[in-house]
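Below is one structure, written out as structure tokens; comments come after it.
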Amino acid sequence: MIRLFDASAGAVVDIVPRDEGRLGVYVCGPTVYDLPHLGHGRLALVWDVARRWWTFAGYDVRFVSNVTDLDDKIIERADREKATEGDIAATYETAWWAALDLLGVARPDATPHATAYVREMIDLIEELLERDVAYSTDDGVYFDVAKVPDYGLLAGQPLENLRAGARVEVVADKRSPLDFALWKAAIFGEPSWAAPFGPGRPGWHTECVVMSLGLLGEGFDLHCGGQDLRFPHHENERAQAAALGLPFARHWAHSGWVMVGEDKMSKSLGNYTTLSDLLASHDPRAYRLLVLRSHYRQPIEVSPATLADAERALARLDGLSRRFSLPAFAGPSRFTRADAISWSEEGEELRARVAALLDDDLDTPGAVAALFEALGRAHALADAEDDRAGDLANAIGVLLGALGLSLRAGAAEVDQESARLVAARDAARTRRDWAAADHYRDELVARGWVVEDGPTGTRLHRA
RNA sequence: GGCGGCGUGGCCGAGUGGUUAGGCAGGGGCCUGCAAAGCCCCGUACUCCGGUUCGAAUCCGGACGCCGCCUCCA
């Protein structure tokens with residue numbers, strides 16, 4: 001049984017899948033109008049970890065994440081750059097996947113695009129109009145939030161409170177400031193589609209309703225996104241499905257912010273770092289580890305100091321991999337299942353401990369702490385020449401792999417000259433010529449290696 | 001104004017009514033020819049003020065500070 005904080009319940013709840021043993025998960029993906037930043041990276045990492053873990057735990061996970069390729073911001077950018085909307089969307093979607101690939105985030109099982117679902121959106125809007133929960137104005141078609149009795153469920157407060165504080169700009173003919181655009185009437189020069197209620201283009205909140213229901217079916221298990229999508233985006237999706245009497249997401253989960261000092265990282269504050277900038281100067285695995293070491297709902301601080309911290313911690317994990325020559329356990333599209341592993345007694349104990357933590361609202365920091373404790377134990381066992389050490393180290397590698405974190409066992413390729421220096425150093429050490437041995441070590445260090453002496457002689461790895 | 005969250009040791013960051021989070025950094029020791037890696041030991045922290053309790057950082061009340069959402073936003 002897995003448990004997760006559900007925004008519609010306001011509490012951590014048991015996740016009982018619609019279909020036993022299967023999980024249908026929908027994550028609201030990017031609007032492709034600019035480069036992804038660290039916040040997007042965290043979102044992707046959090047749900048990638050969840051997906052991998054639930055798969056590991058035995059669920060057959062169907063993971064859908066959309067790409068919004070139709071939006072005001074894309075149109076604005078296309079205008080500004082004298083490009084087509086399609087070009088802008090294609091450019092930034094490419095950048096999105098490139099960044100996620102580097103982070104080791106597995107591709108979703110399906111990545112629906114808004115522009116491919118306009119027909120379905122039109123049908124849905126038409127039905128909302130027929131049911132009188134939507135109305136037409138000169139601007140387009142709006143959803144009448146007052147028609148949904150429990151509007152505000154995800155926001156955690158009733159409609160009156162939301163309205164009282166609404167900072168929404170007044171748009172002509174809207175019945176309530178909270179009513180949202182289902183359809184935006186065509187403006188010359190902008191992309192538009194023909195529809196019974198007039199030419200135009202869909203508003204943002206409809207695409208996810210159509211695509212999630214279309215690909216995962218009614219009453220799918222989990223709908224995820226960043227905290228900011230809880231309201232109004234997810235609320236508005238819910239409202240549409242509710243108005244049509246369609247069973248929608250059973251549970252709603254949201255990941256927390258990346259903070260810059262005291263502020264949320266955001267486009268509008270301009271305090272963001274793009275993923276490509278981060279990944280140009282840091283091991284992508286360090287960011288994954290940083291994300292894993294805080295709870296997914298808490299804010300995290302990403303700074304040179306916290307990244308350096310994560311990189312040193314990562315070096316310890318790689319050290320374990322080197323000592324025990326562990327194989328690679330994780331890959332971009334490589335998933336592991338616990339029942340496909342034959343667990344040693346040591347390994348099973350660790351697996352159970354980690355599973356208890358991760359099954360309960362994805363306690364990744366607890367799991368990482370348990371894995372680090374086990375790491376110390378594995379080394380200590382090895383120091384004592386206890387052969388359970390290898391089993392434990394292997395289990396640690398498998399479990400880190402289950403979270404999408406791969407370890408490096410050592411230098412993949414040692415060039416000929418370096419190999420010669422290693423041999424020369426080992427020879428010098430055998431004849432106890434310490435001056436020569438130190439000289440060869442200096443040479444190797446100058447070539448960028450970290451030099452370690454082990455039972456089998458000099459070993460190299462990259463700093 | 002409404003709703004939600006946060007305030008932990010040098011730093012990051014979990015958690016539980018009373019028994020070690022974990023990592024990084026720092027100190028001591030072991031190992032090593034010297035290193036590196038690794039192991040062992042060391043910090044007695046929890047914004048403040050009250051209250052409940054045998055006992056609270058953990059529960060309740062209040063204060064202060066901070067953040068987020070209520071508008072596009074991961």
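Quick notes on this structure:
- The convex hull built on the alpha-carbon positions of chain A has an orientation-averaged projected area of 25.4 nm².
- Its alpha carbons considered, segment A:327-370 gives a radius of gyration followed by a Dmax of 11.5, 29 Å.
- Qualifying lysines (Cα of each under 22 Å from Cα of A:Lys174; at least 8 residues distant if same chain): A:Lys147, A:Lys184
- Protein heavy-atom surface of segment A:318-432, 1.4 angstrom probe: 47% of the accessible area is carbon and sulfur, with nucleic acids and ligands not counted.
- Vicinal HN-Hα couplings computed from phi for segment A:404-421 (Karplus, 6.51 cos²θ - 1.76 cosθ + 1.60; Hz; Gly/Pro x): x, 9, 9, 10, 10, 7, x, 6, 5, 10, 9, 5, 4, 5, 5, 4, 5, 5
- Counting only alpha carbon atoms, the long axis of helix A:38-56 and the longest principal axis of chain A meet at about 80°.
- Helix A:204-216 axis, angle to chain A major axis (alpha carbon atoms, nearest 10°): 70 degrees
- Carbon and sulfur %, accessible surface of segment A:133-269 computed with the full protein complex present, 1.4 Å: 53 percent
- In segment A:356-463, trypsin sites (Lys or Arg not before Pro) in a DSSP loop with at most 16 other beta-carbon atoms within 10 Å: A:Arg431, A:Arg432, A:Arg447
- These residues, A:Val302, A:Val209, go from largest to smallest accessible area, 1.4 Å probe, as A:Val302, A:Val209.
- Accessible area in square angstrom per residue, chain A, 1.4 angstrom probe: 45 Å²
- DSSP-defined antiparallel bridges as percent of all bridges, chain A, nearest 5: 55 percent
- The alpha carbon centroids of segment A:345-383 and segment A:113-167 are separated by 46 Å.
- Here the simple spin-label model places points 7 Å from the Cα toward Cβ, and for A:Ala463 and A:Glu385 these points are separated by 3.6 nm.
- Segment A:334-395 - Rg (one decimal) and Dmax (whole number), Cα, Å: 12.2, 38
- Full extension of the chain between A:Val450 and A:Ser344 gives 34.9 nm of extra length, using 0.36 nm per residue less the Cα-Cα distance.
- Qualifying trypsin sites (Lys or Arg not before Pro) for segment A:1-30 [loop in DSSP, other Cβ within 10 Å: at most 16]: A:Arg18
- The residues A:Thr364, A:Thr84, A:Thr111, sorted by heavy-atom accessible surface at 1.4 Å with ligands and nucleic acids left out, run A:Thr84, A:Thr111, A:Thr364 from largest to smallest.
- Taking every Cα-Cα distance in segment A:415-463 and sorting them into 5 Å bins from zero, the calculated P(r) comes out as 5, 24, 37, 25, 8, 1 percent.
- The mean sequence separation of alpha-carbon pairs under 8 Å and at least six residues apart, normalised by the residue count of chain A, gives a relative contact order of 17 percent.
- Taking a straight line from the alpha carbon of A:Lys82, these lysines sit under 16 Å away, with near neighbours fewer than eight places off in the same chain left out: A:Lys73.
- Cβ-Cβ distance of A:Ser136 and A:Leu244, R₀ of 22 Å, FRET efficiency by 1/(1 + (r/R0)^6): the value works out to about 0.80.
- A:Arg297 paired with A:Val16, simple spin-label distance in nm, labels 7 Å along Cα-to-beta-carbon: 2.1 nm
- Within the shell defined by Cβ-Cβ distances under 13 Å, the residues around A:Val145 carry a net charge of -1, with Lys and Arg each +1 and Asp and Glu each -1.
- Residues whose placed amide H lies under 5 Å from that of A:Asp360, excluding near-sequence neighbours: A:Arg3
- Potential lengthening of the chain between A:Ser266 and A:Gln416 amounts to 49.2 nm, from the contour at 0.36 nm per residue minus the alpha-carbon distance.
- Inter-label distance, A:Ala352 to A:Thr273: 4.1 nm, where each label sits 7 Å from its Cα along the C-beta direction.
- Stretchable slack from A:Arg175 to A:Ala436, in nm (0.36 nm times residue separation minus alpha-carbon distance): 85.4 nm
- A Cβ-based charge dipole, computed about the Cα centre of chain A with Lys and Arg at +1 and Asp and Glu at -1, lands at about 1020 debye.
The values are calculated or read from the model by the stated rules, or taken from the named source; none is laboratory data. Because the structure is predicted, anything quoted here is derived from the model rather than measured. Cβ coordinates were reconstructed from backbone atoms using ideal geometry, including for glycine residues, and neighbour counts include every protein chain displayed. Calculation scope for accessible area: heavy atoms of the full protein, side chains included, ligands and nucleic acids excluded. Shrake-Rupley method; radii C 1.70, N 1.55, O 1.52, S 1.80 Å.
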